[in-house]
1. Would you please name the GluC sites (Glu not before Pro) within the stretch 19-83 that are DSSP coil residues with at most 15 other C-beta atoms within 10 Å of their C-beta?
2. Counting residues in the chain as N, plug N into 2.2 N^0.38 Å and put the Cα Rg over that result.
3. Size of the dipole of the chain about the Cα centre, Lys and Arg at +1 and Asp and Glu at -1 on the beta carbon, nothing else charged, in debye to 20?
4. In whole percent, what relative contact order does the chain give with Cα contacts below 8 Å and a gap of six or more residues?
5. Glu258 accessible area, nearest 10 Å², 1.4 Å probe?
6. For Ala119 and Ala314, what is the calculated FRET efficiency with R₀ set at 45 Å and r taken between the beta-carbons, to the nearest 0.05?
7. Could you work out what % of the accessible surface of the chain is carbon and sulfur, using a 1.4 angstrom probe and leaving DNA, RNA and ligands out of the count?
8. What full-extension length gain, to one decimal in nm, is calculated for Gln81 and Asp209 as 0.36 nm per residue of separation minus the Cα-Cα distance?
Amino acid sequence: MTEPWPVEVAPLPPALYAVPSPLGAGILPEERPFEGELRCRRVRRVTHDVVEVTLEPVSGGAFAFAPGQYLTLRASIEGEQVERCYTISSPPTRPHLLTITVKGVPDGPMSGWLHDRLAVGDRLWASGPMGGFSVREHPSSSYLLLSGGSGITPTLSTLRTLADLAEPADVVVVHHARTPADLIERAELEALAAAHGGVRVAWVVDQPDASWHGPAGLMSPAQLAELVPDLCQREVFCCGPAGYMGAARAAFEALGGEPGRWHEESFVLTDPPAGGAPAAERADGAAYRIRLQRSGRDLECAPDATVLDAVKAAGVRLPSSCAQGMCGTCKSTLVSGEVDMNHAGGIRPREVAAGKFLPCCSKPLGDLVIDI
Ligand SMILES: Cc1cc2nc3c(=O)[nH]c(=O)nc-3n(C[C@H](O)[C@H](O)[C@H](O)COP(=O)(O)OP(=O)(O)OC[C@H]3O[C@@H](n4cnc5c(N)ncnc54)[C@H](O)[C@@H]3O)c2cc1C
Ligand code: FES
């Protein structure tokens, strides 16, 4: 007689929960750069102002990225090339299709186009993956994932990955939305938490209606302490609107959270990063020379202009999005010369060490040769 299946599975020893989560180490491939066309396979409505777009690479193949990373998408909209970043909301465990989850922004060109115009079969250009806002970069035995509004997208990829890998991590999710109708992928995340013993999700709405029986009100230290009493032991990831992130960071600090355990990502551009050395002056007051190695072009850059300004002024196309050193879209290789780069997290130290730089937030300190 054959064994009945499934055979009884012994519960996971509690000690395993103390092991820092490698999140797919040894199972998932290391991230691999991608640049090319994607084709839309599906546009699915998620809430009244959020859609999920499923994309496949036109030339086939698989993506390799870490949960929490993002892509830059480029589309031709009303005759203009528009570029924007979107977090990959699908998990790297499903590498042949990507999803992005997009909130409609009033009068926003790209989000409006993705919501109302993009159709199955349409193509867009994409490059990525980018960003270091990933639990994979900060192994820990316990996480707190905080999000507001569309800032839930890194959490979606992370939870889907943990579930697909049956990863024994201890994760608390606290998500804030304006009203119950604004909660994104609630049914899926609740099913996922029910199936995965280590995940707990708390939904909080700022403006509850009569049907709402869960926690309500804006982020505050008292609310956070009640929802996550062991907050100080957790590695914390926070993504959402600026006001929400400011309140969450203040609550984390007020409750004694260690600054090194706090990681945040913003989708919305704020003021450009302050500081940076004043632009160096050439002794003869002339502009610096920049050689674009691949295009075979020579151009000039005023000492107080960014390299991106100079490249664009010369009519050379260089993909860019935030223009603030945040998104990583303009990342390029500096073949020779030195720049004063004042970035806002869009490049990693190991990339700088490998000769990469962000032209949008870099001013020349001498003549340059760039691989563009
Ligand atoms: C690293 C990164 C990851 C991102 N991931 C996502 C994602 O997963 N899902 C998503 O919907 N958006 C995401 N964004 C925002 C996205 O890149 C676009 O900015 C957004 O879709 C609006 O583009 P737009 O062209 O329609 O409007 P824009 O002209 O770019 O923006 C119009 C205004 O809306 C503000 N805005 C931009 N995004 C939002 C938002 N989500 N909520 C409220 N106001 C906003 C902008 O600051 C601007 O003031 C991400 C941005 C970055 C930098
Ligand atoms: S355009 Fe965003 S980092 Fe340069």
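The values are calculated or read from the model by the stated rules, or taken from the named source; none is laboratory data. Small disclaimer: the values here were computed from a predicted structure and weren't measured. Here Cβ is always computed from backbone atoms with ideal geometry, including for glycine, and neighbour counts include all displayed protein chains. Accessible surface areas use protein heavy atoms only, side chains included; no ligands, DNA or RNA. Shrake-Rupley method; radii C 1.70, N 1.55, O 1.52, S 1.80 Å.
1. Those that pass, being in a loop and sparsely packed, are Glu30, Glu78.
2. 1.08
3. Here the size comes out at about 720 debye.
4. 13
5. Number for this one is 110 Å².
6. Taking R0 as 45 Å, the efficiency between Ala119 and Ala314 is 0.80.
7. Its accessible area is 54 percent carbon and sulfur atoms.
8. Extra length from Gln81 to Asp209 when fully extended: 41.9 nm.
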